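Colleague: Have a look at this one before I ask anything.
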Amino acid sequence: MMRKLLLCPPDYYGIEYEINPWMSVARAAETPVAQQQWKQLHATLSKLDCKVHLVTPQPGLPDMVFTANAGLTVGRKFIPSNFRHKERAGEQPFFAEWMKQHGYEVSWLPEN
């Protein structure tokens with residue numbers, strides 16, 4: 001089991017655009033439900049002896065909650081994702097900065 005996890009609180013989570021078949025602006029997220037589910041997830045992971053780290057959510061970046069998409073860690077190296085969609089590209093510097101501040105070496109992929 002993973003012992004260190006990075007989560008992002010759903011302070012700004014919502015479906016504000018459609019970039020995949022699972023997203024529908026017409027079926028908006030239920031913010032109170034999402035926040036309660038996130039709190040339960042955080043509590044459960046903490047009880048399972050996982051070290052849960054939090055990245056600060058950012059306004060205008062509702063998908064930061066999907067931290068698994070942030071990039072790849074190998075040892076103490078972090079390779080940020082080159083997000084295909086401009087809606088998610090703004091997340092990259094926040095995840096990279098968080099990793100730097102926590103002792104990870106950040107290696108960038110070419111833009112293409």
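The numbers here are math on the coordinates, done by the rules we state, and not lab data. These numbers were taken from a predicted model, which means no experiment stands behind them. Positions of Cβ are generated from backbone atoms using ideal geometry, with glycine treated the same way; all protein chains shown enter the neighbour counts.
Colleague: What order do you get for Ile79, Ile15 when you list them from fewest to most C-beta neighbours inside 10 Å? Before the final figure, lay out each step's value.
Modeller: On the way: Ile79 18, Ile15 15.
Sorted ascending by nearby Cβ count, the order is Ile15, Ile79.
Colleague: Related question: Do any chymotrypsin sites (Phe, Trp or Tyr not before Pro) in the stretch 27-82 lie in a loop, going by DSSP, with at most 13 other beta-carbon atoms within 10 Å of their beta carbon, and if so which? Spell out each step's value before the answer.
Modeller: Working: sites: Trp38, Phe66, Phe78; in loops: Phe66.
Answer in residue order: Phe66.
Colleague: Would you mind calculating the gained length between Gln101 and Lys4 on full extension (0.36 nm times residue separation, minus the Cα-Cα distance), in nm to one decimal? Each step should come with its number before you reach the end.
Modeller: On the way: separation 97, 0.36 × 97 = 34.92 nm, distance 1.56 nm.
Full extension of this stretch gives 33.4 nm more.
Colleague: At most 14 other C-beta atoms within 10 Å and a DSSP loop state: those are the exposed trypsin sites (Lys or Arg not before Pro) I care about. Give me the longest piece of the chain that has none.
Modeller: The longest such stretch corresponds to 28-75.
Colleague: While we're on this one: Test of understanding: in a Gaussian network model of the chain with alpha carbons linked when under 10 Å, which of Asp49, Asp11, Asp63 would top the mean-square fluctuation ranking?
Modeller: Asp49
Colleague: When Val65, Val106 are ordered from fewest to most other Cβ atoms inside 10 Å of their Cβ, what list results?
Modeller: Result, fewest neighbours first: Val106, Val65.
Colleague: Take a quick pass over the stretch 4-106 and tell me how many lysine pairs come in under 28 angstrom between Cα atoms, counting only ones 8 or more apart or on separate chains.
Modeller: Here the count comes out as 15.
Colleague: Convex hull volume of the Cα atoms in the chain, per residue, in Å³? Could the numbers behind the result be given before it?
Modeller: On the way: hull volume 12.8 nm³, N = 112.
Enclosed volume per residue, from the Cα hull, is 114 Å³.
Colleague: Right, here's the next one. Quickly work out the Asp49-to-Val74 label distance, labels modelled 7 Å from Cα along the C-beta direction, and quote it in nm with one decimal.
Modeller: Modelled inter-label distance: 3.0 nm.
Colleague: Could you give the length gained on full extension between Arg84 and Lys39, defined as 0.36 nm per residue of separation minus the Cα-Cα distance, in nm?
Modeller: Between Arg84 and Lys39, full extension yields 13.3 nm more.
Colleague: Taking R0 as 30 Å, what FRET efficiency do you get between Gln58 and Glu30 from their Cβ-Cβ distance, rounded to the nearest 0.05?
Modeller: Details: r = 21 Å, r/R0 = 0.71.
After rounding to 0.05, the efficiency reads 0.90.
Colleague: Using helices alone, I'd like the mean residue ellipticity at 222 nm for the chain: each DSSP H run of four-plus residues gives -39500 (n - 2.57), total over residue count, nearest 500.
Modeller: Computed mean residue ellipticity for the chain: -8000 deg cm²/dmol.
Colleague: Could you list Leu45, Leu109 in order of exposure, starting from the residue whose Cβ has the fewest other Cβ atoms within 10 Å?
Modeller: Values: Leu45 16, Leu109 11.
Fewest to most other Cβ atoms nearby, the residues stand as Leu109, Leu45.
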